[in-house]
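Reading through the structure tokens given below for one structure.
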Amino acid sequence: MSDVVSKLSTLNAEYARSIDDDRLEAWPDFFVEQCLYRITTADNHARGMPAGLIYADSRDMLRDRVAALRKASVYERQRYRHVVGQSAVTSAAEEPLRSETPFLVVRIMRDGAMDLFASGRYLDELAEEGGALKFRQRLVVCDSSRIDTLLAIPL
């Protein structure tokens, strides 16, 4: 079990670093080819509403999102700083491995202004690939139902 927790901790740390360091092209590589990435609110999640603020169901869709951010989308320059809590493994004895991880994201704007942009939890299904864990599904459940329209960069 400690090996799983160690791999999960590494996965979450490297995931956050890739976003925070603006290495978005590396972000899709944290997922298996056929995956699900969705950002939703706690209220929508509790009601079982599948609609997502951001939705992708393959690694290629994640790559397309990054390409759109780099080439097509127009948004105020910003960056994130993730604070990721300790993951709780919620199903280790069965496939797929599941975990829940709390997070905070601070948004730093071009002028240096910072604000708490998002808080919530990651609900993950994981798969082992090449000796490392990857996300089969990452459901980002934001605590607040108020989501800034500047949600461009993945959480």
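The values are calculated or read from the model by the stated rules, or taken from the named source; none is laboratory data. Bear in mind that the values here come from a model prediction, so they are computed numbers and not experimental data. Neighbour counts run over all protein chains shown; Cβ positions are idealised from the backbone, glycine included. The area values use the complete protein model at the heavy-atom level, side chains included, leaving out ligands, DNA and RNA. Shrake-Rupley method; radii C 1.70, N 1.55, O 1.52, S 1.80 Å.
List of remarks:
Each row is one residue, and each column tells you yes or no for (1) touching a Lys or Arg at 6+ places or on another chain (Cβ under 7 Å); (2) touching a residue at least 40 places away in the same chain (Cβ under 8 Å); (3) not β-branched (Val, Ile, Thr).
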residue	(1), (2), (3)
ASP22	yes, yes, yes
ILE39	no, yes, no
ALA42	no, yes, yes
TYR55	yes, no, yes
ARG59	no, no, yes
ASP64	no, no, yes
ALA67	no, no, yes
SER73	no, yes, yes
ARG81	no, yes, yes
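- Any hit, segment 22-33, residues being modelled with pLDDT under 90, open to solvent by 70 Å² or more (accessible area, probe 1.4 Å) and among the acidic types (Asp, Glu): no
- Subset of segment 120-146 [open to solvent by less than 60 Å² (accessible area, probe 1.4 Å), under 24 Å from SER73 (Cβ atoms) and out of contact with any helix residue (DSSP H, G or I) (no Cβ under 9 Å at 6 or more places or on another chain)]: VAL140
- Long-range neighbours under 7 Å by Cβ, at least six apart or interchain, first residue at negative phi and among the aromatic types (Phe, Trp, Tyr) within segment 90-106, second at pLDDT 95 or above and outside any strand (DSSP E or B): PHE103/GLY85
- Selection status of ARG70, open to solvent by 70 Å² or more (accessible area, probe 1.4 Å) and over 16 Å from the mean Cα position of the chain (by Cα): yes
- The listed residue being modelled with pLDDT of 95 or more, within 17 Å of ARG138 (Cβ to Cβ), open to solvent by 60 Å² or more (accessible area, probe 1.4 Å) and hydrophobic (A, V, I, L, M, F, W, C), out of LEU104, LEU62: LEU104
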